[in-house]
Amino acid sequence: AYNPHEGTVVRGGYGVFYGLTSNSLWYTLRRENGIYQQQFSTPTITVNAYTAITPTPAAGQPNVRLSQPAATAYVSYAPQGGIPAFTPPGPAPINQVTGAATPAVNPGLPLNAIGVRGASRNFLNPYTHSYDLSVEQQLPLRATLTVGYVGTRGMRLPIYVDTNVDPTSVINRQYQLTGTNGVVSNFLFPYYTARLYSGTASVLTGFSDVNSWYNAGAFSLRKPFANGIEILANYTWAHTTDAGQSGAPNGTFNGTDSPIIPFATGHRSGRGAEYARSDIDQRGRFVGTLLGVTKLPIHNRFAAYVTNGWEISGTVTAQTGFPVTGFINGTIASRLSGDGGISGAQVTSGTGYRVPDVIAGRNSFKGPGVHNTDARISRQFPIFREGMRFEIAAEAFNLTNHRNILAVNTNAYNYTAPTTTASPTNCAASNTGGCFTPNASFYTPTSTSSTLYGPRQLQFLGRFYF
């Protein structure tokens, strides 16, 4: 901090902060790596063998025993505490939980290809460079104005792609696109047809090659309580960009904004072509709070008692929306089991498959914002003796009953597979990839209520303090 002269303060800071590697990644490295392979989607064998306990136990004690024969709870290829799927190199394998020797292989694994998980040998902990600079200036009426800059450079953020995709198996497929203006055109897009190792399904691999930028201007006006009024107003303008994220709702087991092309082929190509607005890019946010106490110059004592002493407060929130990515409504068949999307090589755990850039880029649509006003009026009355008082209050949430759209339909285009059936509404077989048409339901509201925002609510209360 620096104080160049009275009434002005300059503050700044810089730091490097390292993030943790998620526990789910450590787990998959140990238990779903293709050698030590847990299989959880397995049926169980139900055993219902109950026998009476003799002699009869005392009152209040269990009188029935569940007989569960050993090794019958699960089928043979269920999780068995670390039995390897394949004989690994090196010393004889041991149980990773108990330390006991284990069989060389788990003979009960299913015959179909198993998907595994892992991480690049160059995988690193993510970290950020964070920095800020602000100037605070004292104003008349004891008010202060703060103008600041906040920046963050995120480095080595994780992203997960299927690396068991043969890059030489790519073919170009033709798609027909009907634009929102009705114009019909064709485009070609790469489509992957084979795996590098056909005996293994997807190999979901973590890479540390996503970087991000956050730049923001922060403005704050504060007038502390004096002469019956207090004001606090904050506004932030910000812009965040990155090349994909492991979002919180889908990131527990390596969920990702799945890149359409899984290969790193250079700057702003391949995986780098996902570079765009961040999922959490919120350009503007204003929050203003006003607190006042009525102190009107009324000479009539009764009128002054009734009118003055009321505490009135309110908060106004106005913010722009988060960006929206247009997704594909429909399934594009993939030749790679477990993968999907227009390239046939995407893996995702819930976020869906987005439309290609020739239709719309990632996060290229503006999401709806939020406008909300809350208000409160209250009054306290001393009663009986010192320290005892009674309060009445009325509160309004979303005072103007503004309809805030909190989520929208993100299916931007409908996909239709090619067919040989002749019909004006069918997708012609010459379009080897299929056809895209606008989805009429795209961007229609799907939610207008949440824990914080919803329709207007009014509440009245009385509170006794003693």
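The values are calculated or read from the model by the stated rules, or taken from the named source; none is laboratory data. Just so it is clear, the structure is predicted and the values come from calculations on it, not from any experiment. Using ideal geometry, Cβ is built from the backbone for each residue, glycine included, and neighbour counts are taken over all protein chains shown. Side chains included, ligands, DNA and RNA excluded: accessible areas come from the protein's heavy atoms. Shrake-Rupley method; radii C 1.70, N 1.55, O 1.52, S 1.80 Å.
Taking the Cα centre of region 112-208 as the origin, how large is its charge dipole in debye, to the nearest 20, when only Lys and Arg (+1) and Asp and Glu (-1) carry charge on their Cβ atoms?
Value, rounded to 20: 160 debye.
If packing is taken as the average count of other Cβ atoms within 10 Å, what order do 458-464, 5-11 fall into, highest mean first? Could you put the intermediate results ahead of the total?
Details: 458-464: 9.4, 5-11: 11.1.
Descending packing order for the listed peptides: 5-11, 458-464.
Could you give each residue of region 2-8 its phi-based ³J(HN,Hα) in whole Hz, using Karplus coefficients 6.51, -1.76, 1.60 with θ = phi - 60°, and x for Gly or Pro?
Using θ = phi - 60°, the values come out as 9, 10, x, 7, 4, x, 10 Hz.
Taking a 1.4 Å probe, which of Leu133, Leu20 shows the most accessible area, and what order do the others take after it?
Details: Leu133 100, Leu20 160 Å².
These residues rank, largest area first, as Leu20, Leu133.
Among Ile377, Gly309, Pro323, pick out the residue whose Cα is farthest towards the positive end of the charge dipole of region 235-389, where Lys and Arg carry +1 and Asp and Glu carry -1 on C-beta, about the Cα centre.
Result: Gly309, furthest along the dipole toward the positive end.
Taking 0.36 nm per intervening residue step and subtracting the Cα-Cα distance, what contour gain separates Thr289 from Tyr149 on full extension? Can you show the working numbers first?
Numbers: separation 140, 0.36 × 140 = 50.40 nm, distance 2.22 nm.
Using 0.36 nm per residue and subtracting the Cα-Cα distance, I get 48.2 nm.
Starting from the Cα-Cα distance between Tyr2 and Gln457, subtract it from 0.36 nm times their residue separation and give me the gain in nm to one decimal.
Separation in residues times 0.36 nm, less the Cα-Cα distance, equals 159.2 nm.
Could you sort Trp26, Trp237 by accessible area so the largest value comes first, with the probe set to 1.4 Å?
On the way: Trp26 140, Trp237 115 Å².
The ordering from most to least exposed comes out as Trp26, Trp237.
Consider a paramagnetic label point 7 Å from the Cα of His371 along Cα→Cβ; state which residues of region 438-455 have an amide N under 18 Å from it.
Residues 445, 448-449, 453-455 fall inside that zone.
Quick one: accessible area per residue over region 365-466, 1.4 Å probe, rounded to a whole number of Å²? Spell out each step's value before the answer.
Working: 6390 Å² over 102 residues.
Value returned for region 365-466: 63 Å² of accessible area per residue.
Can you compute the charge dipole magnitude of region 285-376 about its Cα centre, using +1 on each Lys and Arg Cβ and -1 on each Asp and Glu Cβ, nothing else charged? Give it in debye, rounded to the nearest 20.
Roughly 180 debye, rounded to the nearest 20.
Taking the simple approach of a point 7 Å from Cα along Cα-to-Cβ for both Ser337 and Gln319, what is their distance in nm?
Modelled inter-label distance: 4.4 nm.
Just grab the label-to-label distance for Thr54 and Ala440, each label 7 Å out from Cα along the Cβ direction, in nm (one decimal).
7.5
Can you list the residues, at least 5 places off or on another chain, whose amide H is less than 5 Å from the amide H of Val408, using H built in the peptide plane?
Residues meeting the criterion, in which the H sits 1.01 Å from N, are Thr446.
Mind listing the phi-derived Karplus ³J(HN,Hα) values for region 373-390, rounded to whole Hz, using 6.51, -1.76 and 1.60 with θ = phi - 60°, and x for any glycine or proline?
Rounded to whole hertz, the list is 10, 10, 9, 8, 10, 8, 8, 10, 10, x, 9, 6, 9, 4, x, 10, 7, 10.
Whole-Hz ³J(HN,Hα) for each residue in region 142-157, computed from phi via Karplus 6.51 cos²θ - 1.76 cosθ + 1.60 with θ = phi - 60°, x for glycine and proline: what do you get?
So the J values, rounded to whole Hz, are 6, 7, 9, 10, 10, 10, x, 10, 10, x, 9, 10, x, 10, 6, 6.
In the full protein assembly as shown, how much of Ser208 is accessible to a 1.4 Å probe, in Å² to the nearest 10?
Ser208 exposes around 20 Å² with every protein chain in place.
Out of Asn401, Phe442, Pro418, whose Cα points farthest toward the positive end of the dipole of region 349-454 (charges: +1 Lys, Arg; -1 Asp, Glu; placed on Cβ)?
Asn401
What FRET efficiency would be calculated for the residue pair Phe464, Ala303, taking the C-beta separation as r and a Förster radius of 25 Å, to the nearest 0.05?
Working: r = 26 Å, r/R0 = 1.05.
FRET efficiency, Phe464 to Ala303: 0.45.
What number do you get for region 352-466 when its Cα radius of gyration is normalised by 2.2 N^0.38 Å, N = residues?
Values: Rg = 26.9 Å, N = 115, 2.2 N^0.38 = 13.4 Å.
It is 2.01.
Name the residues whose placed amide hydrogens come within less than 5 Å of the amide hydrogen of Phe263, ignoring near sequence neighbours (fewer than 5 apart) on the same chain.
Arg271
So for the pair Gln380, Ile231, with labels modelled 7 Å out along Cα→Cβ, what separation do we get in nm?
2.6
Non-local amide H neighbours of Asn164 (under 5 Å, H modeled in plane, Pro and chain starts lacking H): which ones?
Residues meeting the criterion, in which the H sits 1.01 Å from N, are Val203.
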